[in-house]
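The values are calculated or read from the model by the stated rules, or taken from the named source; none is laboratory data. Worth saying up front: this structure is predicted, and the values here are computed from it rather than measured. A quick note on method: Cβ atoms are made from the backbone with ideal geometry, for glycine too, and the neighbour counts reach across all protein chains shown. In case anyone asks, the SASA skips ligands and DNA or RNA and just uses the protein heavy atoms, side chains included. Shrake-Rupley method; radii C 1.70, N 1.55, O 1.52, S 1.80 Å.
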Amino acid sequence: MRAAVVRAFGGPEAVEIVDVELPEPGARQVRIKVTASALNPVDAGVRAGIFGGAGRQIGLGWDVAGTVDAVGPAAAWSVGEEVVALAHGVAAPLGAHAEYVVVDADAVALAPASVDAVHAATLPLNALTAVQALDLLDLAPGDSLLVTGGAGAVGGYAVEIAARRGVKVAALARAQDEEFVRSLGATRLVDGADGSGGAGGFDAVLDAAVLGSEALAFVRDGGAYAGVIPQAQPAAERGVRTTAVEVASDGVRLAELVRAVDAGELTLRVAGTYALADAADAHARLAEGGLRGRLVIVP
């Protein structure tokens, strides 16, 4: 099969398409024929060497939407089922930007029935990150939350999920994104251009824009902060509890998110699609910024 990998760190030009042996599923694993796989900022980090692994082949791609192609022993899935999954890992030799990928069976959920595979591929990593970060904040209905990067992929899911939990959500975003973030459930916009709109007044911040201590300033004394880069949260101050999510594969939770998609409660956004052979071009487009939605690799 073909797969997108890096064997030397660098810019988009470091992405290579290589021929590799078809992976076989082991016990409690399934092999998925990949229909679509989103490109995320973490892939750019892997490509650039942020997570290490020098001197080795490292696969790219965490999100997968496709069809179960083979099952290992004790894997409770059937060949032919349409599924989504999170292929978790920053230093594995193969990822989901490939024609096939092997994942643990408990990372898999049935695909949404209401959207195509390209849109479904934008769900696993970003929505799981959002919901697991919200779990760390442990907010009650009526609590106030600021989501930085509220118009982005993780931030958008966080706004929708928190609003449906009864949390009063504000979004830190550009003024031109106000209509969009309000459509997701935000009750107010904090304009990222001037930082106005309630510094120090929120029970919690979910920092999807990775602003760090700048975002911490929006939290009231004794509140909570959750970041989206593991172990990179700012130091606690003013009694504010700080933490960061380390996203984990979770097929049960992913199935809940799929049900939310089919109920019309989560908004899936695709900024564009690229063939696997053009994965380096997709990385170059990601580096340009300004996207609303995810780029998706379509083998």
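Just checking, how many residues over the range 112-126 are within 16 Å of the chain's Cα centre (by Cα) and in a loop (DSSP other than H, G, I, E, B)?
3
Anything in the range 15-41 that is of a type outside the set (S, T, N, Q), in contact with a Phe, Trp or Tyr (Cβ under 9 Å, 6 or more places away or on another chain) and part of a loop (DSSP other than H, G, I, E, B)? List them, or say none.
LEU22, PRO23
With respect to the numbered conditions (1) in contact with a helix residue (DSSP H, G or I) (Cβ under 6 Å, 6 or more places away or on another chain); (2) exposed (fewer than 13 other Cβ atoms within 10 Å of the Cβ), which one is the sole condition not fulfilled by VAL6?
(2)
Go over the candidates ALA44, ALA96 one by one and state the one that is among the aliphatic types (A, V, I, L, M), touching a His at 6+ places or on another chain (Cβ under 7 Å) and either part of a strand (DSSP E or B) or modelled with pLDDT of 95 or more (or both).
ALA44
Only one of (1) surrounded by fewer than 20 Cβ atoms within 10 Å (Cβ to Cβ); (2) out of contact with any Gly (no Cβ under 7 Å at 6 or more places or on another chain); (3) modelled with pLDDT under 95 fails for ALA217. Which number is that?
Just one mismatch for ALA217, condition (2).
Only one of (1) open to solvent by less than 50 Å² (accessible area, probe 1.4 Å); (2) at pLDDT below 95; (3) part of a loop (DSSP other than H, G, I, E, B) is not met by ALA199, so which one is it?
ALA199 satisfies every listed condition except (1).
Could you give every pair whose Cβ atoms fall below 7 Å, whose first residue belongs to the range 276-299 and is over 15 Å from ALA4 (Cβ atoms), and whose second residue is outside any loop (DSSP other than H, G, I, E, B) and open to solvent by 40 Å² or more (accessible area, probe 1.4 Å), counting only separations of at least 6 or pairs across chains?
That search, which allows pairs on different chains as well, returns LEU291/ALA271; ARG292/ALA271; GLY293/VAL270; GLY293/ALA271; ARG294/VAL270; ARG294/ALA271.
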